[in-house]
Amino acid sequence: MSDPTTVAGTTEERRVLPVTDLSLVVLVGATGSGKSSFARRHFKPTEVVSSDFCRGLVADDENDQSASKDAFDVLHYIVGKRLAAGRLTVVDATNVQREARRQLVQLAREHDVLPIAIVLDPPESVCRERNALRADRAGMPDHVVPRHRRELHRGLRGLEREGFRKVHVLRSVAETEAAEVRLERRFNDLRHLTGPFDVIGDIHGCRSELETLLGRLGYVDGAHPEGRTAVFVGDLVDRGPDSPGVLRRVMGMVEAGNALCVPGNHENKLGRWLKGRKVQLTHGLAETVEQLEREPEEFRTRVREFIDGLVSHYVLDGGKLVVCHAGLPEKYHGRTSGRVRSHALYGDTTGETDAFGLPVRYPWAEEYRGRATVVYGHTPVPTTSWINNTICLDTGAVFGGRMTALRWPERELVDVPAERVWYEPARPLSSDVPGGHQGRPLDLADVHGRRTVETRHLGNVAVREENAAAALEVMSRFAVDPRLLAYLPPTMAPTPTAKAEGFLEHPVEAFAQYRSDGVERVVCEEKHMGSRAVALVCRDADAARERFGVDGPTGALHTRTGRPFFDDGAATEQVLARLRTAIGAAGLWEELDTAWLLLDGELMPWSLKSGGLLRHQYAAVGAASGAVFPAAVGAVEAAVARGVEGLGGLLAAQRDRAADAAAFTEAYRRYCWPTEGLDGVRFAPFQLLAGRGRSLAGVPHDVQLGWLDRLVEHDPTGLLQVTRRIVVDTGDEASVRAGTDWWLELTGAGGEGMVVKPLAALVEDGAGRPVQPGVKVRGREYLRIVYGPEYTRPENLARLRQRSLGHKRSLALREYALGLEGLERMAAGEPLWRVHEAVFAVLALESEPVDPRL
Amino acid sequence: MFLTISTTGTPERPATDLGFLLHKHPERAQAFPTSHGIAHVLYPEATAERCTAALLLEVDPVALVRRGKGKGRGGAPDAALAQYVNDRPYAASSLLAVALAQVFKTALHGACRALPERAAAPLPLRIEVPVLPARGGAELVRELFGPLGWTTVDVAPVALDAQFPEWGDSRYVSLVLEGGGLRLADALNQLYVLLPVLDDAKHYWVAPDEVEKLLRAGEGWLASHPRRELITTRYLARRRSLAREASERLELVRLAEAEGLDVEDVDNAVDEARDTEERPVPLAVHRREAILSALRSAGAARVLDLGCGQGQLVQELLKDVRFTRIVGVDVSVRALTVAARRLRLERMGERQASRVELVQGSLTYTDKRLGGYDAAVLSEVIEHLDLPRLPALEYAVFGSARPRTVVVTTPNVEYNARWDSLPAGHVRHHDHRFEWSRAEFRKWAAEVAERYGYAVEFTPVGPDDPEVGAPTQMGVFTRTGTDTDTDTDTDTDTHTNTDTGTDTATATATEDEKKKEDRA
């Protein structure tokens, strides 16, 4: 469309068109009325979706009217996506027909944003002239513009009734020129307010308790000396002894700018009564009415106006905090519609009714996965608890419970007891807020399909769909209760491949690698050969119930894929009991101020958990080789003995192979011994991972080993085994030599090898990425189990040295970052699904294709 | 990878004739390259009285693993080749059989230009295979070689590890065959076929011409062999379709490896031996009939089959048009693949295909996709979950998905006493985490029904034994609460909903309402 003919030096006054900052703006006007130029002038190009453009998309011709239906399908789709994402959207189409507008109003409703109409209605001549100037519209029949205008005028008066919340009509070119769109913030958008806040739960006329609570929070006569803001979640009135007193206090604080308040369902009903509507005086409204009737008329008017002006929910503190009366799913945060208000005031129901004929509340908090913390009230509960980053503050003060406040951003709860039972509840308070236990249950959408997990140490870590699918199968069918599954050990990369003759792995490369990473001091820890085991030990069953929400077990002992280590729950409890005793005797409960500890370690012997694999694979190879070589070597020897020539090489080779096979059998045998109950079972812990409120994964290894030595020392049962270690300075030749000798001695005596870790545990390289948390240097004999009996033969070693470590090292880092993330999320008290997301991702990554020998 | 062939002789018919028959000179050591290593033929003894030829295959283990990897780990035709440490360099497997056929090709055909009449006549023979992998054990080895004309079939088990006697015997035996009634070619042909059959694995894919090879090598003995079926099945068992399945579960293979477990321990959702389509198990049929009948009387049209496995029930549901929407859910991707193949989903007509969907899901997580169905079936599912995890399933199905009807079947453990084949105290399937008596099932069902607002009725499935009941127990849960269309504008107070709070009688928003909306 060409620019409208402008009137220079217009005398027309500027006209401000208010537009809500999240809304659907529908331009209405005949062809040639100047909609596109208007949109260009007042909105960002990406905010405008035009029907002409969509026609072009589907039909290669912006004027092909036969493509209109498809074009509008596309337009509605784009508009829907934008609104769902919370973006202001402008529709540039004639929209002169009521049906076209109806669809757009409905779209706005579906996404809970306000529809706004801006009508451009210049004289017919203007439209004609503009169309005539455009080559592609030159052939437009004469009747089109008059028809559009006729249709427009027919509907103009009814636009508000159609659902448009604001209607701006611009009747002339001049008016259009003078218009200025001004974006207005939504009422509920208080993101610019950062508090700090004190969110206060349901009050129900309990004036005295309110005053006590405000006092406890530090308010003096309705104002906080440090400038904190109170936020009331509603239900100020009804049932209690002094609703007018509560209203007076709250209204005073709000008017003075010291408080915010959202309405509860009780305010809503009181508001209707105050407007003279017919409402039943039930649920304690009668008491309020009686109390208010004793007040002067002006007070009742003030209350009516106060209630009338309340906004159903607020988004605060940069979007981190949402406050409303009855809870609000994320998609409604900051939205404006009748159903948002209704949700905020009454909550959601399932559509079913319970045994009392009452509607069943929908457990929205269980499903809540939003970033913002939602603080609400409405449902009286005996004690508050966090569910998926939401908390209900209604602790039934009026029923003789407590009145509760939440300090934000401190997340501290402050409460005062009710002075008495002011009102008998119709039925006992439900034991749980809707949703039951913390974070239970998990939802498939938390783990299924392609996912990206945000980690604080390595940014986004992607999980592929097929890996998530495999992890889902293993997690669902074999893993322990996810509430007890806080950590899965990451895989560990081996040292860069050795150059020394006869070795595939050697400490020299490990030290050199850390040195080049800038790590000066490393600890070499003996690598135990058993099965990886993670132990969650709680001080007692109560501690397990309180922190992890499980009834019965006092912790968990699981494998690296999350399976219970023992099929028998009693065996698990026995191990946990021994660990508990050692932790107690070592004084670690007190020292770490926790009632639970998560430990990573190795459980031995290998044959305990992997007996099947040992017999089917390793012992079988030993048996086959052990039986075949005497016969084969004997046959060659006999042939040589009787003078057959050319067999010298074969005989030597067969003897070598026989020796290799015998060495292989010796290698696996070292890690097998019989056990009876827990007799013979050993556990070598090598890291304390977490305790209450704290991830310990970043604690330097010398401190860690100090704790662990004390554990071993205080274990009278012989279960716990010490991890031998030596500290090496990677820049000091003598120290490196000492470390190498230590490893040679260790592996020479049949040890599996060692793990080299930065002494400071969590270390970043120059680029701010974590360095490998550890690399393994496995012994020459042990590696026979991994690479086969004959791997040490020069021709085999030469080929095996061509191994590529890149993927393994990347995988190890990603799994490490996910492991840390899970621990830190748990320490921060984040919802179970957030912890599980990270744990699940570790399992999924374990199914990525990587050479399992590494 | 080692075997010997010996014969005895006389000065007139010297044992060293074996050299002519094998086309390998007894005084020379010879080496032949084969695809998996070098095959050596040498004679530890060669006198007129006694002559022994030894076949020694020097397998290159590193190349072997690389070759297996090339076909995809876990996707190799021989599962052993997928393992980095395997017995192939030591045990007499198909590698040795192939080497035997290559090195002794002419002898295998019974041809001998030098001594045709000796090749055509029986020979006193002694065959020794010191390490023969034998799936089926010593007994099967005897059954296979017994009917073939040997006077002695000596089979000795090989212990797994002398240091750990409690581990028992390995799957290897040491085999000695002796007899005077067989031609050398017969013996070689038997070994060529039976080594891989006993190993029950082949290092190469079975191609169509394999059938001909089997018929040729089996000429004269296979047709009348009492275990002919087993021999043919095992010999031809490795088909490409199986390979495809194997590659489908690579991720699971890796998870099993990470754990130090056999993959079968992790991936046991698909049980080929129990595939009820191939071998109808009457009980499974009874069960499906009972479930269908329960669904029909509940008037269900939209049905979830939770834990659909290989899709047998989905297939039955599809046959009845009153089931307009059928969703099969299983946690095993492999099971779903088998189900899709069974249902021929890819070739199904559009209308029919729109009735059915198969999705991966897990009943230990809530799943929004499962909402809004008339009925859900949990057939032989709950017993595959550890008891402590059962509440998660209960919540996901009865609390979250909440179909009007839920049909649950599970084994009745009391009936196990009636299965002759089931040793006392054993569960019916190795993955069953528990099996319940009728009382235990009823107690559980009643508690679940109570907690989630359902009523439950019980039906025995299969022959109802007066003492121990029926083999399968079925509970049909029906939701008891009523559905109401709640108007979100109604004033649902904390306790009751008596006050209809809509202010507006007309469809037009009042000023008041508009204001409220703006103040959402």
### Summary
Given the conditions (1) in contact with a helix residue (DSSP H, G or I) (Cβ under 9 Å, 6 or more places away or on another chain); (2) of a type outside the set (D, E); (3) touching a residue at least 12 places away in the same chain (Cβ under 8 Å), every one holds for A:R578 apart from (1)
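Can you tell me which residue among B:T106, B:T52, B:T7 is modelled with pLDDT of 85 or more, assigned to a helix (DSSP H, G or I) and not small (G, A, S)? So that I can check it myself, show each step before the final result.
Working: B:T52 fails: assigned to a helix (DSSP H, G or I); B:T7 fails: assigned to a helix (DSSP H, G or I).
Just a single option satisfies the conditions, and that option is B:T106.
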### Query
For B:G399, are the conditions met, namely being farther than 21 Å from B:R288 by Cα, outside any helix (DSSP H, G or I), among the small types (G, A, S) and touching a residue at least 40 places away in the same chain (Cβ under 8 Å)?
no
### Task
Only one of these is part of a loop (DSSP other than H, G, I, E, B) and on the phi < 0 side of the Ramachandran plot: A:L193, A:L210. Name it.
A:L193
### Query
Got a number for residues in the stretch A:535-564 being within 13 Å of chain B (Cβ to nearest Cβ) and within 22 Å of A:P605 (Cβ to Cβ)?
8
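Would you point out the residue of the stretch B:117-164, among those that are more than 23 Å from B:S6 (Cβ to Cβ) and not in a helix (DSSP H, G or I), that is farthest from the other protein chains (Cβ to nearest Cβ)?
The first filter runs over the stretch B:117-164 and keeps only residues more than 23 Å from B:S6 (Cβ to Cβ), leaving B:135-137, B:139-140, B:143, B:159-164.
Going one step further and asking which of them are not in a helix (DSSP H, G or I), we end up with B:135-136, B:159-164.
On the way: B:R135: 12, B:G136: 16, B:A159: 7, B:L160: 4, B:D161: 5, B:A162: 8, B:Q163: 6, B:F164: 7 Å.
Top of the filtered list is B:G136.
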### Scope the stretch A:619-641; condition without any contact (Cβ under 8 Å) to a residue 40 or more places away in the chain and at the interface with chain B (Cβ under 7 Å from one of its Cβ atoms); matching residues
A:A620, A:A623, A:A624, A:A627, A:V628, A:A631, A:A632, A:A635, A:V636, A:A638, A:A639
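Please specify each residue of the stretch A:584-613 satisfying the condition of being in a loop (DSSP other than H, G, I, E, B), small (G, A, S) and touching a Lys or Arg at 6+ places or on another chain (Cβ under 9 Å). It would help to see each step written out before you state the result.
Going residue by residue through the stretch A:584-613, those that are in a loop (DSSP other than H, G, I, E, B) are A:587, A:592-595, A:605, A:610.
Among the residues that remain, those that are also small (G, A, S) are: A:587, A:595, A:610.
If the condition is that a residue be in a loop (DSSP other than H, G, I, E, B), small (G, A, S) and touching a Lys or Arg at 6+ places or on another chain (Cβ under 9 Å), then A:G587, A:A595 are the ones that fit.
Take the residues of the stretch A:150-183 that are β-branched (V, I, T) and assigned to a strand (DSSP E or B): which is farthest from A:R40 (Cα to Cα)? Show your work before the answer.
Taking the stretch A:150-183 and keeping what is β-branched (V, I, T), we get A:167, A:169, A:173, A:176, A:181.
Still in the running and assigned to a strand (DSSP E or B): A:167, A:169, A:181.
Values: A:V167: 19, A:V169: 18, A:V181: 12 Å.
Residue satisfying both the conditions and the ranking: A:V167.
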### Query
Any residue at all in the stretch B:241-259 that is more than 14 Å from chain A (Cβ to nearest Cβ), part of a loop (DSSP other than H, G, I, E, B) and either at pLDDT below 75 or surrounded by 16 or more Cβ atoms within 10 Å (Cβ to Cβ) (or both)?
no
### Task
Restricting attention to the stretch B:359-390, report how many residues are of a type outside the set (D, E) and more than 20 Å from B:T405 (Cα to Cα).
7
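I want to confirm something. Restricting to the stretch A:794-803 and keeping residues that are more than 9 Å from chain B (Cβ to nearest Cβ) and surrounded by 15 or more Cβ atoms within 10 Å (Cβ to Cβ), which single residue is nearest to the chain's Cα centre (by Cα)?
Initial filter on the stretch A:794-803 (more than 9 Å from chain B (Cβ to nearest Cβ)): A:794, A:797-798, A:801-803.
Now restrict to residues that are surrounded by 15 or more Cβ atoms within 10 Å (Cβ to Cβ): A:797, A:803.
Details: A:L797: 46, A:R803: 37 Å.
Per the criteria, the residue is A:R803.
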### Query
Given (1) without any contact (Cβ under 8 Å) to a residue 40 or more places away in the chain; (2) more than 8 Å from chain B (Cβ to nearest Cβ); (3) surrounded by 14 or more Cβ atoms within 10 Å (Cβ to Cβ); (4) more than 19 Å from B:P165 (Cα to Cα), where does A:D660 come up short, assuming only one miss?
(1)
### Task
Quick one: which strands (runs of 3 or more DSSP E) lie wholly within the stretch A:362-460 and hold at least 2 residues that are farther than 30 Å from A:G215 by Cα and at pLDDT below 95?
A:451-455
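Just to check your reading of the model, which residue among A:V722, A:V703, A:V681, A:V727 is within 39 Å of the chain's Cα centre (by Cα) and buried (at least 17 other Cβ atoms within 10 Å of the Cβ)? Talk me through it step by step, then tell me what you get.
Working: A:V722 fails: buried (at least 17 other Cβ atoms within 10 Å of the Cβ); A:V703 fails: buried (at least 17 other Cβ atoms within 10 Å of the Cβ); A:V727 fails: buried (at least 17 other Cβ atoms within 10 Å of the Cβ).
The conditions single out A:V681.
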### Task
Considering only the stretch A:609-625, state which residues are buried (at least 22 other Cβ atoms within 10 Å of the Cβ) and of a type in the set (A, V, I, L, M).
A:L614, A:A619, A:A620, A:V621, A:A623, A:A624
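Looking only at the stretch B:26-40, which residues are facing chain A (nearest Cβ under 10 Å) and either out of contact with any strand residue (DSSP E or B) (no Cβ under 6 Å at 6 or more places or on another chain) or under 19 Å from B:A92 (Cα atoms) (or both)? Write out each step before concluding.
Start the filter on the stretch B:26-40 by keeping residues that are facing chain A (nearest Cβ under 10 Å), which leaves B:26-31, B:38, B:40.
Passing the criteria: B:E27, B:R28, B:A31, B:I38, B:H40.
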### Message
Suppose the filter is among the hydroxyl-bearing types (S, T, Y) and part of a loop (DSSP other than H, G, I, E, B); does A:T581 pass it?
### Response
no
### Message
If A:V375 meets every condition in (1) more than 14 Å from every other protein chain (Cβ to nearest Cβ); (2) out of contact with any helix residue (DSSP H, G or I) (no Cβ under 8 Å at 6 or more places or on another chain); (3) over 21 Å from A:R834 (Cα atoms) apart from one, which number is that one?
### Response
(3)
### Message
Condition check: surrounded by 23 or more Cβ atoms within 10 Å (Cβ to Cβ) and either at pLDDT 90 or above or within 23 Å of A:A470 (Cα to Cα) (or both). Does A:G806 satisfy that?
### Response
no
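Condition check ((1) of a type in the set (G, A, S); (2) within 25 Å of B:P460 (Cβ to Cβ); (3) surrounded by 23 or more Cβ atoms within 10 Å (Cβ to Cβ)) across all residues:
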residue	(1), (2), (3)
B:L295	no, yes, yes
B:Q315	no, yes, no
B:R334	no, no, no
B:Q352	no, no, no
B:V377	no, yes, yes
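Look at B:R274 and say whether it is within 18 Å of the chain's Cα centre (by Cα) and at pLDDT below 95. Talk me through it step by step, then tell me what you get.
Numbers: within 18 Å of the chain's Cα centre (by Cα): yes; at pLDDT below 95: yes.
The answer is yes for B:R274.
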### Task
Within the stretch B:416-458, track down each residue that is surrounded by fewer than 15 Cβ atoms within 10 Å (Cβ to Cβ) and touching a Ser or Thr at 6+ places or on another chain (Cβ under 6 Å).
B:A455
### Task
Output the residues belonging to the stretch A:111-130 that are modelled with pLDDT of 95 or more and assigned to a helix (DSSP H, G or I).
none
### Query
How many of the residues in the stretch A:726-752 are closer than 27 Å to A:A535 by Cα and touching a helix residue (DSSP H, G or I) at 6+ places or on another chain (Cβ under 6 Å)?
1
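The values are calculated or read from the model by the stated rules, or taken from the named source; none is laboratory data. What you are looking at is a predicted structure, and each value in this text was computed from that prediction instead of being measured. Heads up, the Cβs are rebuilt from the backbone with ideal geometry, glycines too, and the neighbour counts pull from every protein chain shown.
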